[in-house]
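A short worksheet on the structure shown next.
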Amino acid sequence: MAITQEEVFGKVQEALVDALGVDDDEVTSEAKLVADLGAESIDFLDIVFRLEKAFGIKIDQNELFPESVLSDPQYVADGKVTDNGMAELRRRLPHANLEAFDQSRAVSEFADVFTVDAIVKFINTKLA
Amino acid sequence: MRWMWIDRILELDRAKRCVAIKNVSLAEEVLHDHFPATADQPACPVMPNPLIIEGMAQTAGILVGHANDFQEKVILAKIAKAEFHAAARPGDQLRFTATVSRIDPAGAATEGVVERRAAGQSDFLPMAQIDLLFSHLDQSRSDLDLPEHNFVFSSNLMTLLQQSGIAE
């Protein structure tokens with residue numbers, strides 16, 4: 001029997017609770033990993049490992065959290081993501097909601113894109 | 001050989017498992033202050049738990065480093081879990097067993113158990129569980145200007161490996 005959406009959310013929630021030391025009820029769909037759950041860069045690796053284990057899939061850290069785009073001069077100028085950069089992000093992160101980020105494009109706010117929901121959608125694309 | 005918190009590696013199974021031991025000795029200076037006698041109480045030498053975590057980090061770090069022939073700069077990035085059920089005292093022997101959960105170009109996750117053979121006893125009993133996350137420093141994005149040579153696996157750790165019959 002295929003895995004249900006509830007089960008996917010439940011396992012993502014558990015991985016985040018274990019990696020970030022937060023409570024279940026803090027891990028809502030809209031919660032932002034960095035701003036709301038206090039994730040730091042090393043936590044991203046921990047989260048990727050736990051998700052791989054929970055779902056039995058292989059995840060490249062850059063697939064889920066493409067930090068390399070932000071340091072590439074092709075995609076960023078003066079602390080803001082360029083049009084090329086936005087196109088690249090859209091290509092690499094089909095699971096993320098980039099509309100709000102498109103308003104400011106400030107590199108310093110990029111982390112807000114990573115919500116719990118974005119992770120759930122990413123997992124769904126990997127499981128399909 | 002300062003700052004070595006394991007004495008000998010007993011087993012090293014590439015990319016899988018590493019077992020090391022450490023003897024807790026009253027001659028170790030850190031025990032003299034942890035804890036010293038006060039007006040009301042006698043001295044109570046107990047090995048500080050952070051140094052037991054360091055022992056596990058060295059055991060697991062060697063396991064992870066050896067898996068890539070010490071080409072990566074393996075650094076401890078996160079202590080995912082450290083639970084202690086007992087204290088380690090002078091005369092005890094500690095046995096660290098680290099196993100790899102995952103190794104990746106970006107880093108590695110390990111799980112570990114510390115067992116303690118109390119002075120005068122014959123059995124090792126579990127005393128702590130320590131799970132760690134390591135980062136491969138060059139592979140991860142870093143703004144730091146790092147030296148070329150592998151400063152992580154310095155002469156201290158290499159001496160340990162030689163003594164344990166693992167490295168040449």
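Ellipticity at 222 nm from helices only: DSSP H runs of n ≥ 4 in chain A, each -39500 (n - 2.57), divided by the residue count, give -15000 deg cm²/dmol. On the beta carbon distance between residue B:33 and residue B:122, with R0 = 30 Å, the FRET formula returns roughly 0.45. Dipole size of the protein assembly as shown about its Cα centre, with +1 on Lys/Arg Cβ and -1 on Asp/Glu Cβ: approximately 960 debye, rounded to the nearest 20. Computed over the stretch B:8-159, the quotient of the alpha carbon radius of gyration and 2.2 N^0.38 Å is 1.14. Counted by Cβ distance under 14 Å from residue B:2, the other residues give a net charge of -4, where Lys and Arg count +1 and Asp and Glu count -1.
Size descriptors for the stretch A:5-127: radius of gyration and Dmax over Cα atoms are 14.1, 42 Å. Against chain B, whose longest principal axis is taken from its Cα atoms, helix B:49-67 shows a tilt of about 30°. Annotation: peptides A:78-87, B:47-56, ranked by per-residue average of other Cβ atoms within 10 Å with the highest first, follow the order B:47-56, A:78-87.
Can you tell me the FRET efficiency between residue B:150 and residue B:46 if r is taken as the Cβ-Cβ distance and R0 is 35 Å, rounded to the nearest 0.05? Don't skip to the answer; put the middle values down first.
Working: r = 34 Å, r/R0 = 0.98.
According to the calculation, E is roughly 0.55.
Spin-label model, residue A:125/residue A:41: points 7 Å from Cα along the beta carbon direction are separated by 2.4 nm. Peptide A:40-53 is shielded by partner chain Cβ atoms: per residue, an average of 5 of them sit within 10 Å of its Cβ. Exposed loop positions in chain B were taken to be trypsin sites (Lys or Arg not before Pro) whose DSSP state is not H, G, I, E or B and which have at most 13 other beta-carbon atoms within 10 angstrom. Between these positions, the longest stretch is B:17-140. Candidate cross-link partners of residue B:81 among the lysines, defined by an alpha-carbon separation under 20 Å and a same-chain spacing of 8 or more, comprise A:11, A:53, B:16.
Near residue B:119, once Lys and Arg are set to +1 and Asp and Glu to -1 for all other residues with Cβ below 12 Å from its Cβ, the sum equals +2. Modelled this way, with points 7 Å down the Cα-to-C-beta line, the labels at residue B:79 and residue A:54 are 2.5 nm from one another. Here the dipole of the stretch A:5-127 is about 580 debye; that uses its Cα centre as origin and unit charges on the Cβ of Lys and Arg (positive) and Asp and Glu (negative).
Each reported figure results from applying straightforward, stated rules to the coordinates on display, with no laboratory input. Worth saying up front: this structure is predicted, and the values here are computed from it rather than measured. Cβ: placed from backbone, ideal geometry, glycine included. Neighbour counts: every protein chain shown.
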